[in-house]
1. What do the square roots of 5 times the Cα gyration tensor eigenvalues come to for the range 195-272, in whole Å, largest first, as semi-axes of the equivalent ellipsoid?
2. Using modelled backbone amide H atoms (1.01 Å from N, in-plane), which distant-in-sequence or interchain residues come within less than 5 Å of CYS58's amide H?
3. Any of LYS122/LYS384; LYS130/LYS236; LYS47/LYS416; LYS46/LYS416; LYS55/LYS287 with alpha carbons more than 27 Å apart? Name them for me.
4. Once you order the gyration tensor axes a ≥ b ≥ c over the Cα atoms, which shape class does the range 94-134 get: rounded for a/c under 1.5, otherwise prolate or oblate by comparing a/b with b/c?
5. State, to one decimal in nm, how far the label point of LEU356 lies from the label point of GLN285, with both points 7 Å from Cα in the Cβ direction.
6. Once a ≥ b ≥ c are taken as the square roots of the eigenvalues of the Cα gyration tensor of the range 109-169, is the result rounded (a/c under 1.5), prolate (a/b larger than b/c) or oblate (a/b not larger than b/c)?
7. Taking the Cβ of PHE140 as the center, what net charge do the other residues with Cβ under 12 Å away carry, scoring Lys and Arg +1 and Asp and Glu -1?
8. Whose amide H sits under 5 Å from the amide H of ARG208, counting only residues 5 or more places off or on another chain, with H placed in the peptide plane?
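Each value in this text was obtained by applying a stated rule to the coordinates, not by laboratory testing. This structure is a prediction, so every number in the text was calculated from the model and none was measured. Because the Cβ atoms are built from the backbone with ideal geometry, glycine has one as well, and the counts that use them run over all protein chains shown.
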Amino acid sequence: MAAAEAAGSGVGERATVPLAVLLRREITSEKMDSPDVLFGQASQSKKGEDFTLIKTDCRRDNGEEDGTFSVFALFDGHNGSGAAIYARDNLLDNTLSAIPLDLNREEWLAALPRALVAGFVKTDKDFQTKAHSSGTTVTFVIIDGWVVTVASVGDSRCILESAEGSVYYLSSDHRLEENADEVERVTTSGGEVGRLNIVGGAEIGPLRCWPGGLCLSRSIGDMDVGEFIVPIPHVKQVKLSNAGGRLIISSDGVWDALTPDMALNCSRGLPADVAANQIVKEAVQVKGLRDDTTCIVIDILPPEKITPIAPPTKKQGKGVFKNMFRKKSSEPSANSDRDFTEPDVVEEIFEEESALLSQRLNSANPVSSLFKLFACAICQLEMKPDEGISVNGSISHPGKQHIWDGPFLCPSCQEKREAMEGKRSSRDSSFKSSGSE
Ligand SMILES: [Zn+2]
């Protein structure tokens, strides 16, 4: 994997920027304006069910010169690793195939949240045909310039610390115990939520969904639990200021042991790969190795803070990171801090968590050109103009047709949608797709 070159190499080791990178920066319209993305990952395995995907060389398919983006993803599997591996191998392609070709960067970023919903649902639906009983959390991060898009199901969190020290949650916690809205949704859709009953009627442990006893309300896989455990992700899109920031993606093995502040504090000032190791070490020290414990640390840095560093001394990266992630109050103003005096604004572009496809596939300003006109919005199956089922649910009145009533679903994805919303059991094969809503 090309990503491996950059993986784990601290700042010190990559002090010289390859010429190709410099040239590419020179010829882009946003000259020197794209951040450097440095990262590292660490893991201690108990069950072998945590998997990661790191790709730093992805290209947008639109002929723009600067059409690159990075993907960082964590999959924490349960009841086996089948779903985690399947999602790792298919989710990115399923997402990208839901984005029409030839969008400019702005359109591409606007289409991304819906494409992620489509990619998650298609991956889950395809995995169901494999009849595996495993499931997985997914925390899926796409970094395009200063724009960070995070899609997540389950409880592997992603946090952001901006350069000035503000901390943001970029994922949602889909634990039934901590998410009353999700308990409500699961119950309404036909699931039962309760604690484990032991002899004598006492209830113990966290809230779980029955049958199956899963603690999560959203995941990919888990077909033995029920369709109300949906794969529809929480999606959040933010734009960092050009002072950058640090992302930490970790499985619950870390977050059960450390608060975000603890994770940030124990690794502050360290290059990304050392930081990831330190966070995993710290988590295991606190709780012991009770679960797979995986951490990816990603530093999004202004490129000018890296490029001037010429002499390849070993630990020079440290100073840069200390300045980057200093607390506001710590040092008044060292010379090198001057570049970071601009306001630290993390701009929120998008956030949505609804489990209803009608809400997730539409947008406030529906732009039909952001969808493939007559393809299923989930699986991208090409359909004839009158074959698709409008995601808006309203069987369009004959004679009173909109110019575009889409996005549309194919019958099979419509069936999946109704199952997720508790309107049918997907495993009831006698239920025909012509059934009523
Ligand atoms: Zn479909």
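1. Equivalent ellipsoid of the range 195-272: 35, 19, 9 Å, largest first.
2. Long-range HN contacts for CYS58: PHE69, VAL71.
3. LYS130/LYS236; LYS47/LYS416; LYS46/LYS416; LYS55/LYS287
4. It comes out prolate by the Cα gyration axes.
5. 4.9 nm
6. In terms of gyration-tensor shape, oblate.
7. Here the charged neighbours net out to +3.
8. Residues meeting the criterion, in which the H sits 1.01 Å from N, are GLY194, ARG195.
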